[in-house]
Amino acid sequence: MSDLMIFDEVRDVIVASGGEEIQMCMQCGLCSGSCPWGRMEEKSEFNIRAMFHMGRLGYDGYESDDVLFACTTCNQCAVKCPRGIKIPNVVRSIRSVIAETGGIPKNLKAVLGSINSQGNPWSQEKDERVAWTKGCDVPQFTPETEYLLYVCCTSAYDGRSQKVARAIADLLKAAGVSFGIIGNEEKCCGESVRKIGAEEEFGKLAEYNINLFNNKGVKKIITTSPHCLYTFKNEYPELGAEFEVIHYTELLQNLMAGGKLKISKPMPRKVIYHEPCYLGRHSRVFDAPRELINAVPEIDALEFEGNKDYSLCCSGGGARIWMETKAGQRFSDVKVKEASQAGAEVIATACPYCIVMLEDSLKNQNKDEEMSVKDISEILKESL
Ligand code: SF4
Ligand code: SF4
């Protein structure tokens with residue numbers, strides 16, 4: 001760490017941008033003790049308790065801004081915090097201080113640039129947002145449609161993830177749901193933008209999407225990603241949105257319970273469920289994904305030792321998906337090792353970021369022949 005400097009305005013900006021809970025911290029260190037960074041083979045300079053200490057006193061002294069962007073906002077630490085501090089919100093506010101001075105890591109600047117020019121973080125053409133629908137007949141949203149299907153930028157553009165978007169659309173059609181897409185006019189929900197600390201850009205994106213959805217007559221939204229779910233449900237209302245938002249796993253579980261979605265083909269495989277942080281800990285959706293997996297005949301459903309509130313993050317949240325992470329510091333590598341030790345043949349999940357991170361780890365560990373990663377929608381589609 002370099003010489004520490006004290007800036008009153010640093011603390012003031014953190015407090016003003018929603019991080020006022022930093023002042024409740026009593027420096028007990030329970031957060032650092034439960035943070036996955038402490039479990040990694042390769043040690044990191046990042047320590048959430050120390051970061052809060054520096055933020056509270058207005059210090060600005062980390063040698064590398066990358067350390068300030070180490071947090072995946074997984075919310076694991078908040079489960080243990082005796083003061084009930086929403087730690088990821090404070091992290092976001094600290095980052096907004098850095099973002100205001102232009103000090104964010106290079107990769108994240110590229111993400112912001114792409115969102116500004118193309119409306120997505122993957123540097124893809126905005127007019128290609130519906131490319132995922134090729135070969136799959138997906139209805140357009142009209143004022144008579146019940147649900148808008150909002151497809152996350154990753155599932156809209158990434159070839160692997162596009163299969164998940166198609167599987168979800170096929171399941172909705174099979175269950176007779178009234179849904180449609182808006183498509184190329186949509187922009188990124190802005191989840192990562194806000195986690196980077198770019199508050200102004202987030203506000204512009206949210207305002208754009210809220211106006212677009214209102215003008216189209218949207219009342220209810222199905223999200224393919226837990227990150228969009230969290231943002232639409234918890235952050236858009238601050239800007240006037242009044243949509244009813246549901247993750248696709250919750251809706252499919254309701255449809256299955258009502259007899260509208262029938263899963264019948266057996267899948268005699270050992271399947272372990274990886275809990276996406278923004279579906280589980282952040283949004284409290286724990287049962288629906290498990291009930292969907294258990295509905296598949298002959299599936300042998302396994303659990304990680306740490307699950308639900310104690311599930312280990314894949315390390316893709318908090319905009320980390322766009323950052324380089326050294327071997328020995330990847331949470332997803334640990335997760336793959338644990339799945340292998342449990343004897344799993346399939347890691348099931350319900351988040352596009354988790355799929356990217358876990359598949360990378362499978363390849364890095366040469367386990368991609370022993371195991372595969374599947375979205376729950378893909379498992380269900382195979383079992384229709
Ligand atoms: S657990 Fe809560 S109170 Fe304790 S150091 Fe961490 S943020 Fe502060
Ligand atoms: S949110 Fe997750 S990564 Fe960030 S400090 Fe807490 S436990 Fe660590």
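Some notes on this structure:
- Exposure proxy ranking for 73, 325, based on other Cβ atoms within 10 angstrom of each Cβ and starting from the fewest, stands as 325, 73.
- By the helix-only formula, in which each DSSP H run with n ≥ 4 contributes -39500 (n - 2.57) and the sum is divided by residues, the chain has a 222 nm mean residue ellipticity of -11500 deg cm²/dmol.
- If R0 is 22 Å, the Cβ-Cβ spacing of residue 16 and residue 116 corresponds to a FRET efficiency of close to 0.35.
- Length released on extending from residue 382 to residue 244, taking residue separation times 0.36 nm less the Cα-Cα span: 46.8 nm
- Long pairs among 80/337; 80/187; 195/374; 43/80; 126/173; 106/126, criterion Cα-Cα beyond 29 Å: 80/187
- Here each label is just a point 7 Å from Cα along the line to Cβ, and for residue 234 and residue 146 those points are 2.8 nm apart.
- Residue-span extension gain [residue 260 to residue 123] - 0.36 nm each, minus C-alpha spacing: 45.5 nm
- Order of 278, 208 under a 10 Å beta carbon neighbour criterion, fewest first: 208, 278
- Gain in span if fully extended, residue 107 to residue 26, counting 0.36 nm per residue against the direct Cα distance: 25.8 nm
- Pairs of alpha carbons in the chain separated by more than 28 Å make up 45% of all such pairs.
- A cut-off under 14 angstrom between Cβ atoms defines the neighbours of residue 128, and their net charge, with Lys, Arg +1 and Asp, Glu -1, is -1.
- Take the Cα of residue 300, step 7 Å toward its Cβ, do the same at residue 160, and the gap between the two points is 2.5 nm.
- Peptide packing for 81-94, 364-377, 339-352 was compared via the average number of neighbouring C-beta atoms within 10 Å per residue; ordered from the highest value, the list is 339-352, 81-94, 364-377.
- Put simply, the amide H of residue 285, placed in the peptide plane, has neighbours under 5 Å in 280, leaving out anything fewer than 5 places away on its chain.
- Expressed as a whole percent, the proportion of Cα-Cα pairs in region 48-194 lying more than 23 Å apart is 52%.
- Of all DSSP beta bridges in the chain, antiparallel share, percent nearest 5: 5
- Rg(Cα)/(2.2 N^0.38 Å) for region 256-384, N = residue count: 1.03
- Taken as Cα centroids, region 142-179 and region 340-384 sit 20 Å apart, rounded to the nearest whole angstrom.
- Cα gyration tensor of region 8-100 - equivalent ellipsoid semi-axes, whole Å, descending: 19, 16, 11
- Förster-model FRET efficiency, 56 Å R0, residue 342 and residue 215, C-beta, rounded to 0.05: 0.70
Every number in this text was worked out from the coordinates using simple rules, so none of it is lab data. Here the structure is a predicted model, which means the values were calculated and not measured. So basically every Cβ, Gly included, is an ideal-geometry build from the backbone, and we count neighbours across all protein chains shown.
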